[in-house]
Each structure stands twice: as C-alpha cells, then as structure tokens.
Amino acid sequence: MSPPPVLSIRDVQRLYRSGDTTVRALDGVSLDIHRGEVVGISGPSGSGKSTLLLIAGLLEPPSAGEVLIDGRRVSHPAADLDRLRTFRRNHIGFIFQKANLIPFLTAVENVALALEIDHVPPRAARAYAGALLASLDLGHRLDNHPSRLSGGEQQRVAVARALANAPSLLLADEPTAALDSVRGRQVLQLFREIARTRQAAVAVVTHDQRALDLFDRTIELSDGRTRDGAVHGTPGAAGTH
Amino acid sequence: MNLAFKDIRFNLLRFLLTALGVAFLMMSSMGMVGLYRGIVADALLIIERIGADQWVVQGGRQGPFSEGSAISSTMDRRVEGIAGVASARRFVQFSQQFTRDGRQLRASVTGLDFPKDPGRWIPIVRGRPLASGHYEAVADMSIGLRLGEKVHLGQDDYTVVGLTRGMVDTGGDGLLFVTVNDAVAIAQRRTSEEVLLARAGAGPAAASRSSVPQDSKIAAVLVTLNPAVDPELVRRAVASWGDANVLSRAEQENLLLNQRLWRLRVQILAFTGVLLVVTGIVVSLIIYMLTMENLHEIAMLKLIGADNSVIIVMIAQQAFLIGASGLGLGLMLSRLVFPFFPRKVLILPGDVALLGIAVAVICAFASLLGISRALKVRAQEVLS
Ligand SMILES: Nc1ncnc2c1ncn2[C@@H]1O[C@H](COP(=O)(O)OP(=O)(O)OP(=O)(O)O)[C@@H](O)[C@H]1O
Ligand SMILES: [Mg+2]
C-alpha cells in the first residue's frame, strides 16, 4: 500500500464575509500532493491561491471540508488552529514573496531560531543552521543581518529556515515575485532539489509562465475552483529529469 | 538565543535613547522625592543638631521657627534655677542680607551662647569653632563666604574662622554662627542716621559701643535636662511664670513639619505623585510602542511555530531591561546633577528601592499590555 499523500485537501470551501456580501474565496477545492512532488498553483488575481495555501498551512480553517497532512485529519471548520502550532513547525515550512526574516538576527540566527523554537539546543541549532545555509551557497553570509543580503540571498535564507525542521510539506506563495528571472528560476530549481533529496511535498503559487516546466503538474484556480482540464503534466513527470 | 538582547544590540542607539528618556523621567521623580526629603532634613537640621531637650519660648507662642518669639536675654538664668535643668543656652536666629563685592548675600544668623556653647556640635569642614566672645563667625559654604574673610554685619566686622557644609535653615539659607551677644547686636543694627543721632545725643562713647543693650531680646532658651528628671516638672515650673512657654524637641519638629511646612510638603508630595503617574504612563507607552514595532516579527515567530512563551519572554525581558537601565542611568544622572542644585536633594536608599519597585510594577504592567496585544496577532499578519 502506498503511503498517504503528504497534503490532502478535501472539498474545501472558504467564505469571507465582508459587510452584506460573502466572498467565496474557495469553492469546493480538492487536491492531493505526494512525497517528492512539486505542484504549481496558478490563476488570476483573487482566484483563491493564497487562501488555499493558508488553509493547507493550517493558518486559516476552512468553512467546509477538511485538510489531512501525512494522513492525519488536522484542519476542519471547527479546528482550533492555535493549538496546532507545534504540529505546524514540525510538518510545514512556509516561504513567501518577501523573505520576512527577523531583521535583528543574522542569517544563521534566523535559521537557528526555527530549530531553537523546536527545543534544539543552541549550539546544535547553530551548527545545523550553518550547514543548511552552506548547502544553499550561503556559507559566506552566515553572520550578515538581512539588510546586508540581496533579495535572492534573503529568499534562500527563508528557504533554509523553512527547511530547518525537516517539514514534509513546503508551501510557497509567489516566492520568486521579488526576484529577477534567473534568481527566481534558481529558487524553483532549489524546490525541485528539496523535493527529490528530502522527499518533501512542495506547493508553489506562481504567476511565472516560464517556470511551468519545473513543476510536476500545475493546478489552475479560477474564482475559487480548480479549472477543469487545467491540470498539466502527470505526477512525478518533471522529477525524472 | 535571547531575542530581547539581540534586538537591543541590533538597535542599540534606539535602546540607549529610550533608556535615556526613561532615565530622565526617573531622575525627575528622584529629584522631586529628594527635594522633599531635603526640605524636611534642612528644617529639622538645627533642632536635631543643637541637642536641646526643651525650648523655652515667649509665652503663648510656639516659636521660634513656627512663629516669632522674643524673650528677655536673661531668661536663661531663671531657667537654670529650675531643679533638674542641667544647662540653659540662649538662642537667637534671624535672616540677614548683606553685600560683598557688590553682590547680595543671605545668611541665617544663628547665635551660640559662647562660652557655654562654642559650637562643638557644628560639623566644621574647614577652620575651627568660635574661640572668642566677639567678632568671629562660622559660616556655611552655601552663603558664599571664604575662610578668613571679613564680613561687615551690623556695625562690626566679623572674621570667618570656620566653614560648614549643608547647615541651612528652613528656607535653605546658610547658617552663620556668631555668639548670642554678637547676634543680638547685629539684630539691633541701626541705620547711619540713627547712629549719628545717637552720637549727637550721648557722645562718641555711646556710638562706638556695640555690646548688647540691657533690654535686648533673644528668641529662646535651649534646655538640657538631667537624665533622671521628669520633663513635665520643668514644663510646669516654666509655665507657672506666665510669660514663657515650653516646647519639647518632638513638639518643635512636629510644629515645623505639620504647621510651618505643611503646605510646601503637601505641594511637593502632590507634584511627586503627578510625576510618578506621568512617568508610569510614559514608560508604559514606550514599552508598548516597542512591542508594536516588533509585531511583524512576532507574527513571523508564530508562523514558524514559536510557543507563546518565546514571545512573552522576549517582550518581558525587553521591558525590564529598559526599566532597569532607565533606573540605573537615572540614579547615575541624579548623583551627577543634583549636587549642583541650590537646595539639598536627598536620595535615600529606601526611596530608590521604592522607585525600583514602582518601575518593576510599571514594566510588568506595560509587558502585560504588550503581551496581550502580541498574543492577539495572527500568524498570517506576516503577509500584510
Ligand atoms: N481576509 C479576507 N477577508 C475578506 N476577503 C478576503 C480575505 N482574504 C482573501 N479574501 C478574498 O478572497 C479572494 C481570494 O483571495 P486570495 O488572496 O486567495 O487571492 P489570490 O489568488 O492569492 O490573489 P493574488 O494573485 O492577487 O495574490 C479574493 O476575492 C479576496 O478579496
Ligand atoms: Mg495571493
């Protein structure tokens, strides 16, 4: 029997009420992502891409439907997400358009913090964070504060931070939007690499049409629904080259 | 890793400026309390140092500090006659203005009953106590006189033979000790016209005489009792004369603090209260604002799964670091600045401890404000 998908979203709805009107940000979306898979999520602005990641990342509860991570039913309309913080830090890594590094910590401290929060002793945390950054070609930038790093370097530190606790699921919301196309492509290639070596599931929201070849498949959202016939590629297809 | 400390080190200038701002508030609070303590200490100084058990003053009055008192300069002999009285000293004190090098100086001329009392109880920092019955003075440094200098008071020149530090009267004027006889003479200073008139009337001999006239008055007689005697007996004996009143040392102190200085004390205490409240509000706000500045980072901490304890510790540590550095810096500034103030500012360890407790309470309160706000932050606010 094959292992359960890392992320399984089942018939999720998300309504936002603003005044008298109700916005259907997500309207019955289902999605499975498996180990080693990199899935692109695209769609016009306001189609619900970020909302989908927030729900998959246990930051927002769905209005209907459920979310399973590593086979465990963790989020549903009545879930208390604040109590899932420990689960979140051990299973999910986030990357956003902005790196959102803590400005008063150096690169290595930013990464080590994620480990210390998970009760890794400071020395070990720092050593592992240093190694992780070195593996992302940032070995020479360990003691720089974020303000001294380029946008691409900051984003790679953010990736290292997201990877620190070896999550099985990586969620990235437009991680390349603030980078030039070469740097952006490098980050996406990094995700491919991570999916392969760490057997993680990766979901990437992106507008970048040129990056589509780096995904195993792409899901297109439109008005909160997955568009019929918009699934490109087959699971694992891109992972073989 | 200690997030509070890292943040402070990264934003060191901001932290130092904040701590300095808090320090100035602390300094003004300490200064206000110290001013109050100083005024009380100055007021009680002479009463405590002069070491009298009882004060015999004008009948029906509560002098010489709370109201005027004038008694005969021979009253001391009558007092000495009462059984149980070990010694009786004459006392007189009045404010005097005089010019030196074209500058107006002020002193509180205080009479010592020389030779019975050469003023050995006066803490002299330079020079010596009075050694002669006339024309010598021991001056407090705050008056502005130098050792050995001659100063013209009344009709005579007085030589400053000793200097004291911090010996002042209720109003903060430095004390100038002379013998009682000299003090009475100075008090009876006459204008030059009066001198000329007197000379015309009684010839040169009368004019040059600067000794105390027979009917001159003093302010009080200081009574030292024999150890075993009941003070009430002496009090009754004096009361029976009808022209004098007796006040104990405790009564004198009570009169000064609760009658003469009552309004000033309440005023200063009220100001101190206002200042402490303002300090509390401002310090709370500063700490709260610092937390607000870090809200984005706090949301990020939540997003990467930090427990609330990580956030609470960071905010509380920062609050207490600011409070503690502000207090420490404020204390240093106070030590540095207040000695240059014209009046005594007493910084007592007990008051500093109380202020420290107040700061701790303020920091705790401000941390709670910040923490309650921080715990409401949602992780997804990172994205906004
Ligand atoms: N907190 C919210 N309150 C109310 N409406 C919301 C909220 N968040 C999202 N929405 C609405 O839900 C819909 C989907 O938003 P979402 O942010 O998921 O879009 P998106 O696909 O990420 O768009 P973009 O490409 O511009 O980032 C939009 O119509 C948006 O206005
Ligand atoms: Mg979005």
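Normalising the average separation of contacting C-alpha pairs (under 8 angstrom, six or more residues apart) by the number of residues puts the relative contact order of chain B at 28 percent.
Build a GNM of chain B with springs between Cα atoms under 10 Å apart, and of B:Gly102, B:Gly330, B:Gly133 the one that fluctuates most is B:Gly102.
For the protein assembly as shown, please report how many Lys pairs fall under 26 Å Cα to Cα, leaving out neighbours fewer than 8 apart on the same chain. For the protein assembly as shown, qualifying lysine pairs total 11.
The figure for A:Thr197 is an accessible area of roughly 90 square angstrom, using a 1.4 Å probe on the protein chains alone. For chain B, the pair-distance distribution built from all alpha carbon pairs, in bins 20 Å wide starting at 0, is 23, 38, 22, 14, 3, 0 percent.
The distance linking the stretch B:132-186 with the stretch B:284-324 is 61 Å (Cα centroid to Cα centroid, whole angstrom). Helical content alone sets the calculated 222 nm signal of chain B at -17000 deg cm²/dmol, taking -39,500 (n - 2.57) per DSSP H segment of four or more residues and averaging over every residue.
What would the Debye equation give as log₁₀ I(q)/I(0) for the stretch B:15-158 at q = 0.09, 0.19 Å⁻¹, counting only Cα atoms as equal point scatterers? Listed by q, the Debye log ratios stand at -0.43, -1.32.
Taking B:Tyr135, B:Tyr288 and ordering them by how much accessible surface each has at a 1.4 Å probe, largest first, produces B:Tyr135, B:Tyr288.
Starting from the Kirkwood Rh over alpha-carbon pairs, what translational D in µm² s⁻¹ does the stretch B:260-334 have by Stokes-Einstein at 37 °C and 0.692 mPa s?
218 µm²/s
Measuring nothing but how far apart in sequence close Cα pairs (under 8 Å, 6+ apart) lie, relative to its length, the stretch A:7-232 scores a relative contact order of 29 percent. Computed on protein heavy atoms with a 1.4 Å probe, the accessible areas place B:Thr110, A:Thr21 in the order A:Thr21, B:Thr110, largest first. Evaluated at q = 0.17, 0.29 Å⁻¹, a Debye calculation over the C-alpha positions of the stretch A:171-231 (equal weights, vacuum) places log10 I(q)/I(0) at -0.60, -1.32. Buried between B and A is an accessible area of approximately 2300 Å², summed over both sides with a 1.4 Å probe. In chain A, helices alone account for a calculated mean residue ellipticity at 222 nm of -9000 deg cm²/dmol, with every DSSP H run of four or more residues adding -39,500 (n - 2.57). Restricted to Cα atoms, the stretch A:1-66 shows a radius of gyration and a Dmax of 13.1, 48 angstrom. Using only Cα atoms, locate the centre of the stretch A:1-80 and the centre of the stretch B:367-384, then give the distance between them in Å, rounded to an integer. Computed from Cα coordinates, the inter-centre distance equals 24 Å.
Just reorder B:Trp121, B:Trp55 by solvent-accessible area, largest first, 1.4 Å probe, all chains present.
Largest accessible area first, the residues go B:Trp121, B:Trp55.
By DSSP, the beta bridges lying fully in chain B are antiparallel in about 75 percent of cases. In whole angstrom, the protein assembly as shown maps to an equivalent ellipsoid with semi-axes of 89, 23, 19, each derived as √(5λ) from the alpha carbon gyration tensor and ordered largest first. Taken as Cα centroids, the stretch A:98-126 and the stretch B:241-270 sit 66 Å apart, rounded to the nearest whole angstrom. Computed with a 1.4 Å probe on the full set of protein chains, the accessible area for A:Lys49 sits at about 10 Å².
Kirkwood-type hydrodynamic radius, chain A: 18.3 Å, calculated from all non-identical alpha-carbon pairs. Roughly to the nearest percent, how much of the accessible area of chain B is carbon and sulfur, given a 1.4 Å probe? Taking all protein chains in place, chain B shows 60 percent carbon and sulfur surface.
The value for the stretch B:217-293 of Rg(Cα) / (2.2 N^0.38 Å) is 2.13. A probe of 1.4 angstrom, applied to the heavy atoms of all protein chains, finds B:Ser73 with accessible area near 20 square angstrom.
The values are calculated or read from the model by the stated rules, or taken from the named source; none is laboratory data. None of these values were measured; they are calculated from a predicted model. Remember, those area values only see protein heavy atoms, side chains included, never the ligands or the DNA or RNA. Shrake-Rupley method; radii C 1.70, N 1.55, O 1.52, S 1.80 Å.
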